[in-house]
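Scroll down for the structure; my scribbles are underneath it.
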Amino acid sequence: MSEQKRILITGGAGFLGSHLCDRFIKEGYKVIAMDNLSTGSLDNIQHLFPLKEFEFYHHDVTKFIHVPGKLDYILHFASPASPIDYLKIPIQTLKVGSLGTHNALGLAKEKRARILVASTSEIYGDPEVHPQKEEYWGNVNPVGPRGVYDEAKRFMEAITMAYHTYHNLETRIVRIFNTYGPRMRLNDGRALPAFIGQALRGEDITVFGDGSQTRSFCYVDDLVDGIYRLLLSDYQYPVNVGNPDEITIKEFAEEIIKLTGTAQKIVYEPLPVDDPKQRKPDITKAKEILGWEPKVSRQDGLKVTYEYFKKVVLK
Ligand code: UDP
C-alpha cells in the first residue's frame, strides 16, 4: 500500500479551509490545519480533533512556518476574505497575502511539496470583460479600500509563478468566485449571511446600491471538488473555479425572502466603494482541464445553508 499523503492547509479553521480539511480526511490524507484564528474558528474543525489523521497548529503564517516531518501538499488558504474583514484588518490582509504566501512557498520548496494557492475573482477588480476569462488582466483600484485584498492576491499569483519558474516548484493557482454554504460567518458582511441573518431576526433586507450588480454563487462542495481536482492536475496557470449561474443582488435578496418566508421588505443602502458591477466566471478551462463543473443548484445549496444558519441564529 502506498504511504499516506500529508497535507498542510493554512486557514484550515476558516470557511473554505475547514471544508477542505474534511475532504482530504475523507480522501485518506493526514491533514494539518494551520490558523491564527483571526477570522477562522475552532467550531469549524472541532469534529476533526478526535481523529489521529488530524493535527491543528495555532500559528500566524506571516511568521516563519515550521512543520516537522514530510509534507506532500500545501493548500494556502489563510486570509481574511470578506470586505468587512479586510477593511477592519487591512495591514494583516496585505501581510498574509504577501509575507504569508512567501513563507508557504518557502516551506513548499524546503519540503519539495506541491502548493496550491487560493486566489480570487477579486484580482479582476471591477471587470470590463464579461464573463471573466483567466486571460483577462483585470481592472483593480490599488488605492481603494479593496486594494489591500486585491493587490495582495495579485502579488500572491506573481510570487507563486516566480517560484514555479525560478525554483521549479510545483504550483497551482485557483481563482475562487463567490462561494457559500455552512460555516460562513453570520456577521462577515457578505450578502448571503447578511440576508439570511436579517430574515431570521425579522429585520429588513439591506441591498446595497440599486441591486442591479451581479454575482454568481457557487456551493462550497462544488468549489472544494474543483480545488481537489486542480491540486491533482498538472496545470500550473490560474484556473477559475466558480458557478457561472449569474444573478442580480436584488433577485438574490428576493430568493432569500422566498426561501425564509420572511415578511420583511428590501431596503436600499449606499453601494460600497469599488463594488464590482458584474461577476461571472468563464469556466471553460476548469471544464476542459479538470473535467469539472458545478453540480449543486442555488435552490438546493441555499436550502442546506439556510438550515445551518437557522441553528446558528436560533441556538
Ligand atoms: N451586498 C448587499 N447587502 C448586504 C451585503 C452585501 O447588497 O447586506 C452586496 C454587495 O455590495 C455586493 C454583493 O451584495 O454587491 C455581494 O457581496 P459579497 O460581500 O457577498 O461579495 P463580494 O462583493 O465580495 O463579491
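The values are calculated or read from the model by the stated rules, or taken from the named source; none is laboratory data. Please read these numbers as outputs of a predicted model, since none were measured by experiment. Ideal geometry is used to build each Cβ from the backbone, glycine not excepted, and the neighbour counts take in all protein chains shown.
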Report, by residue number, each residue of region 255-272 that is within 10 Å of the ligand (Cβ to nearest atom) and under 24 Å from the mean Cα position of the chain (by Cα). L271, P272
For region 74-89, give me each residue that is of a type outside the set (A, V, I, L, M, F, W, C) and either closer than 19 Å to P276 by Cα or touching a Phe, Trp or Tyr at 6+ places or on another chain (Cβ under 8 Å) (or both). S79, P80, S82, P83, D85, Y86
Among all residue pairs at least 6 apart or on different chains, which show Cβ distances below 9 Å where the first residue, located in region 176-200, is within 13 Å of F217 (Cα to Cα) and the second is more than 8 Å from the ligand (Cβ to nearest atom) and of a type in the set (D, E)? T179/D222; G181/D221
Which condition from (1) more than 19 Å from the chain's Cα centre (by Cα); (2) away from the ligand (no atom under 16 Å from the Cβ); (3) at negative phi is the one that W292 breaks? (1)
Pairs please, first residue from region 98-110 and in contact (Cβ under 8 Å) with a residue 60 or more places away in the chain and within 12 Å of L8 (Cβ to Cβ), second anywhere and polar (S, T, N, Q) and not in a helix (DSSP H, G or I), Cβ atoms under 7 Å, 6+ apart in sequence or on different chains. A104/T10
Do we find that T93 is polar (S, T, N, Q), outside any helix (DSSP H, G or I) and at pLDDT 95 or above in this structure? no
Test D35 against the stated conditions and say whether it is under 22 Å from T179 (Cβ atoms), acidic (D, E), modelled with pLDDT of 95 or more and touching a strand residue (DSSP E or B) at 6+ places or on another chain (Cβ under 9 Å). yes
Do you know which of the residues in region 21-65 that are among the hydrophobic types (A, V, I, L, M, F, W, C) and assigned to a helix (DSSP H, G or I) is surrounded by the most Cβ atoms within 10 Å (Cβ to Cβ)? C21
Filter region 64-96 down to residues that are within 13 Å of the chain's Cα centre (by Cα) and under 29 Å from E53 (Cβ atoms) and give me whichever is nearest to the ligand (Cβ to nearest atom). A81
What is the residue count in region 262-295 for residues that are touching a helix residue (DSSP H, G or I) at 6+ places or on another chain (Cβ under 7 Å), part of a loop (DSSP other than H, G, I, E, B) and buried (at least 18 other Cβ atoms within 10 Å of the Cβ)? 4
Basic (K, R), more than 12 Å from the ligand (Cβ to nearest atom), modelled with pLDDT of 95 or more and assigned to a loop (DSSP other than H, G, I, E, B), is that true of R229? no
Filter pass, T165 being part of a helix (DSSP H, G or I) and surrounded by fewer than 20 Cβ atoms within 10 Å (Cβ to Cβ): yes
Report yes if some residue within region 206-222 is away from the ligand (no atom under 12 Å from the Cβ), under 17 Å from I247 (Cβ atoms) and either in a helix (DSSP H, G or I) or free of Cβ contacts under 8 Å to residues at least 12 places away in the same chain (or both); otherwise report no. yes
Does A199 qualify as being among the small types (G, A, S), more than 20 Å from F177 (Cβ to Cβ) and assigned to a helix (DSSP H, G or I)? yes
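Every residue, every condition in (1) among the aromatic types (F, W, Y); (2) surrounded by fewer than 18 Cβ atoms within 10 Å (Cβ to Cβ); (3) in a helix (DSSP H, G or I), yes or no:
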position: L75; (1), (2), (3): no, no, no
position: D85; (1), (2), (3): no, no, yes
position: T101; (1), (2), (3): no, no, yes
position: L116; (1), (2), (3): no, no, no
position: S119; (1), (2), (3): no, no, no
position: E122; (1), (2), (3): no, no, yes
position: E128; (1), (2), (3): no, yes, no
position: E135; (1), (2), (3): no, yes, no
position: P142; (1), (2), (3): no, yes, no
